[in-house]
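**Student:** Here it is, the structure, as structure tokens.
The values are calculated or read from the model by the stated rules, or taken from the named source; none is laboratory data. All values derive from a computational prediction rather than experimental measurement. Cβ coordinates were reconstructed from backbone atoms using ideal geometry, including for glycine residues, and neighbour counts include every protein chain displayed.
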Amino acid sequence: MSKTILITGASTGFGHLSAVRLAEQGHRVFASMRSPTTKNSSHAKALESYGVNVIELDVTCNQSIQAAVELVLQKSGRLDVLVNNAGIAAAGVSEAFSDDQLKELFDINVFGVQRMMRSALPAMRKQKSGLIINVGSILGRVTFPFFGLYGASKFALEALTESYRYELSQLGVECVLIQPSAFPTSMYSSAKQPNDMNRVAQYGEIGSIPEAMFAQFMAAFESSGAPDPIDVAVGIRELVAMPQGTRPDRVTIGADYGSKSINEFTATVQRGVVEQLGLELLCK
């Protein structure tokens with residue numbers, strides 16, 4: 001059955017690929033991005049050639065979000081799936097990132113998701129059906145040195161998604177987390193670097209490790225066995241296709257670095273926590 005789907009951060013990467021794959025399945029897809037008529041016009045036109053509806057949306061602006069959601073509802077009458085994909089990365093010596101850089105990271109990766117969900121959920125609750133897919137990261141479960149601030153935003157997304165999953169469980173709305181590993185997308189090549197290079201210099205040889213890590217990642221991305229970001233798009237498409245009530249809480253895609261084991265262990269612990277609170281009715 002065709003569904004109405006809104007995807008954030010769809011100019012490139014996972015969002016762009018997911019929009020195409022979902023449109024090919026016959027869904028009505030609204031791919032959102034900033035500046036679709038200027039800076040991202042080529043990306044917008046590429047999506048439109050697949051029958052995707054491209055709309056402007058900035059996840060840091062409530063007015064922009066509300067206008068986009070209202071447009072989707074006006075055109076389709078409903079919103080079945082929200083894919084919170086918009087995000088930015090940051091890598092480097094954590095101490096060298098400024099307050100403003102950290103605020104920007106969380107404004108997009110965490111607050112942006114909360115803004116989107118607050119805007120989309122009234123329609124889903126009214127329908128008594130809906131699916132929210134939050135694109136997290138394995139770095140929301142395991143920690144890579146020098147990726148700690150980015151990971152912190154994804155750890156936050158873990159808690160946010162888990163809580164919403166319980167709170168929405170009796171209202172017909174499902175909330176699922178995708179945990180991609182490292183994939184060759186523009187997010188890595190455009191990852192934010194720390195502003196305070198004087199602090200980086202004070203770390204001596206340690207301060208040069210992030211650059212070496214990036215070089216290693218880029219070499220892996222260019223190898224014959226490089227991970228393919230289409231795998232994440234396929235994972236999102238499969239989640240959308242699953243019947244209500246059968247979807248997993250989390251889906252890890254790519255090299256998991258032990259995050260699958262953490263997911264399995266945490267699921268048991270988390271269910272025990274909810275039962276201790278006497279809230280078993282919120283568990284599936």
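**Student:** Can you name the residue in the range 229-251 that is touching a helix residue (DSSP H, G or I) at 6+ places or on another chain (Cβ under 9 Å) and among the charged types (D, E, K, R) and, of all such residues, is nearest to residue 20 (Cα to Cα)?
**Tutor:** The residue in question is 237.
**Student:** For the range 4-14, state whether one or more residues are more than 20 Å from residue 183 (Cβ to Cβ) and either in contact with a Ser or Thr (Cβ under 8 Å, 6 or more places away or on another chain) or without any contact (Cβ under 8 Å) to a residue 40 or more places away in the chain (or both).
**Tutor:** Scanning the range 4-14, I find at least one residue that is more than 20 Å from residue 183 (Cβ to Cβ) and either in contact with a Ser or Thr (Cβ under 8 Å, 6 or more places away or on another chain) or without any contact (Cβ under 8 Å) to a residue 40 or more places away in the chain (or both), so the answer is yes.
**Student:** Restrict the check to the range 153-168 and report whether at least one residue is closer than 29 Å to residue 222 by Cα and of a type in the set (A, V, I, L, M, F, W, C).
**Tutor:** yes
**Student:** Take the range 129-139 and flag every residue that is touching a residue at least 24 places away in the same chain (Cβ under 8 Å) and more than 19 Å from residue 166 (Cα to Cα).
**Tutor:** Those that are touching a residue at least 24 places away in the same chain (Cβ under 8 Å) and more than 19 Å from residue 166 (Cα to Cα): 137, 138.
**Student:** Considering each residue of the range 186-213, count those that are in contact with a Ser or Thr (Cβ under 9 Å, 6 or more places away or on another chain) and within 22 Å of residue 9 (Cβ to Cβ), and give that number.
**Tutor:** Adding up the residues that qualify gives 2.
**Student:** Let me ask something else about it. Going by the structure shown, is residue 70 surrounded by fewer than 20 Cβ atoms within 10 Å (Cβ to Cβ) and touching a residue at least 40 places away in the same chain (Cβ under 8 Å)?
**Tutor:** When the stated conditions are applied, residue 70 does not pass them.
**Student:** Kindly indicate whether any position in the range 53-66 is surrounded by fewer than 15 Cβ atoms within 10 Å (Cβ to Cβ), touching a strand residue (DSSP E or B) at 6+ places or on another chain (Cβ under 9 Å) and either under 22 Å from residue 232 (Cβ atoms) or of a type in the set (Gly, Ala, Ser) (or both).
**Tutor:** Checked against the condition, which is being surrounded by fewer than 15 Cβ atoms within 10 Å (Cβ to Cβ), touching a strand residue (DSSP E or B) at 6+ places or on another chain (Cβ under 9 Å) and either under 22 Å from residue 232 (Cβ atoms) or of a type in the set (Gly, Ala, Ser) (or both), the range 53-66 yields no hits at all.
**Student:** Now for a separate question. Looking only at the range 154-188, count how many residues are closer than 29 Å to residue 225 by Cβ and touching a Phe, Trp or Tyr at 6+ places or on another chain (Cβ under 9 Å).
**Tutor:** 9
**Student:** Conditions: (1) surrounded by 13 or more Cβ atoms within 10 Å (Cβ to Cβ); (2) touching a strand residue (DSSP E or B) at 6+ places or on another chain (Cβ under 8 Å). Residue 183 meets all but one. Number of the miss?
**Tutor:** Of everything listed in (1) surrounded by 13 or more Cβ atoms within 10 Å (Cβ to Cβ); (2) touching a strand residue (DSSP E or B) at 6+ places or on another chain (Cβ under 8 Å), residue 183 misses just condition (2).
**Student:** Among residues belonging to the range 153-180 that are touching a residue at least 24 places away in the same chain (Cβ under 8 Å) and acidic (Asp, Glu), point out the one that is surrounded by the fewest Cβ atoms within 10 Å (Cβ to Cβ).
**Tutor:** Residue satisfying both the conditions and the ranking: 167.
**Student:** Taking helices (runs of 4 or more DSSP H) that do not extend beyond the range 40-108, which have at least 2 residues that are hydroxyl-bearing (Ser, Thr, Tyr)?
**Tutor:** Output list reads 41-48, 62-76.
**Student:** Those residues that are of a type in the set (Val, Ile, Thr) and in contact with a Leu (Cβ under 8 Å, 6 or more places away or on another chain), I need them from the range 230-284; list them, please.
**Tutor:** Within the range 230-284, 230, 232, 236, 240, 251, 274 qualify.
**Student:** Over 18 Å from the mean Cα position of the chain (by Cα), within 19 Å of residue 3 (Cβ to Cβ), buried (at least 20 other Cβ atoms within 10 Å of the Cβ) and in contact (Cβ under 8 Å) with a residue 40 or more places away in the chain: is that true of residue 81 in this structure?
**Tutor:** So residue 81 fails the test.
**Student:** Only one of 35, 11 is assigned to a loop (DSSP other than H, G, I, E, B), polar (S, T, N, Q), modelled with pLDDT of 95 or more and farther than 20 Å from residue 230 by Cβ; which?
**Tutor:** 35
**Student:** In addition: Please work out if residue 252 is among the hydroxyl-bearing types (Ser, Thr, Tyr) and surrounded by fewer than 17 Cβ atoms within 10 Å (Cβ to Cβ).
**Tutor:** It is false that residue 252 is among the hydroxyl-bearing types (Ser, Thr, Tyr) and surrounded by fewer than 17 Cβ atoms within 10 Å (Cβ to Cβ).
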